[in-house]
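Peer 1: One structure, as structure tokens, below. Some questions next.
The values are calculated or read from the model by the stated rules, or taken from the named source; none is laboratory data. Treat the numbers as computed from the prediction; the structure is a model and nothing was measured. Here the Cβ positions follow ideal geometry from the backbone for every residue, glycine too, while neighbour counts run over all protein chains shown. Please note that ligands, DNA and RNA were not included when accessible areas were found on the heavy atoms of the full protein model with its side chains. Shrake-Rupley method; radii C 1.70, N 1.55, O 1.52, S 1.80 Å.
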Amino acid sequence: MSDGGGSNWAETRSPSLAEIEALADAAFVALPEEFRALCAGVRIHVDDFPDEETLTEMGCESEFDLLGLFRGVGLAQSGEVATGQMPNAVWLYRRPLLDYWAEHDETLGHLVTHVLVHEIGHHFGLSDDDMAAIEAAADAIEPPDA
């Protein structure tokens, strides 16, 4: 059965780790160059779920609670990697992303981009509250009449 748009949902599989990583890579490349330059050395990883240590550390009640995570030393804390320290990294979690996507009316590409930018915001030293305020201000701006 087709949805009328040519897609055959009976043969469609959920996106793999590699496909989510490709979405994240495309989202990163689409960011302004100045933004990407400040992210030099930040690695992007995709896993199905956060590990148990991360879930405990972040106070998660379920393995589906965390869509992404920044680990490392952000620019506000010097941004330099010390000897023996793991490199700065953004983690995206495929299964929680897919679960969230299934419950909300947005594209998977938009969701992956949003979570990636949010986690990169932590690299810049922004808190969740800072980012929520920025998003609220952006949402409040009405586009000019065309």
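Peer 1: Solvent-accessible area of H45, probe 1.4 Å, all protein chains present, reported in Å² to the nearest ten, please.
Peer 2: Near enough 60 Å² of accessible area.
Peer 1: Identify, among I120, L55, L97, the residue whose Cα sits farthest towards the positive end of the charge dipole of the stretch 35-126, taking +1 on the Cβ of Lys and Arg and -1 on the Cβ of Asp and Glu, with the dipole about the Cα centre.
Peer 2: Result: I120.
Peer 1: Would you mind getting the accessible area per residue of the stretch 9-55, heavy atoms of the protein chains only, 1.4 Å probe, in Å²?
Peer 2: For the stretch 9-55, the solvent-accessible area averages 68 Å² per residue.
Peer 1: Still on this structure: HN-Hα J couplings of the stretch 62-70 from phi, Karplus 6.51/-1.76/1.60, θ = phi - 60°, integer Hz, Gly and Pro as x?
Peer 2: Values per residue, Gly and Pro as x: 9, 5, 8, 6, 10, 8, x, 7, 9 Hz.
Peer 1: Another question about this same structure. What FRET efficiency, computed as 1/(1 + (r/R0)^6) with R0 = 22 Å and r the Cβ-Cβ distance, is obtained for H45 and N8, rounded to the nearest 0.05?
Peer 2: It comes out at approximately 0.10.
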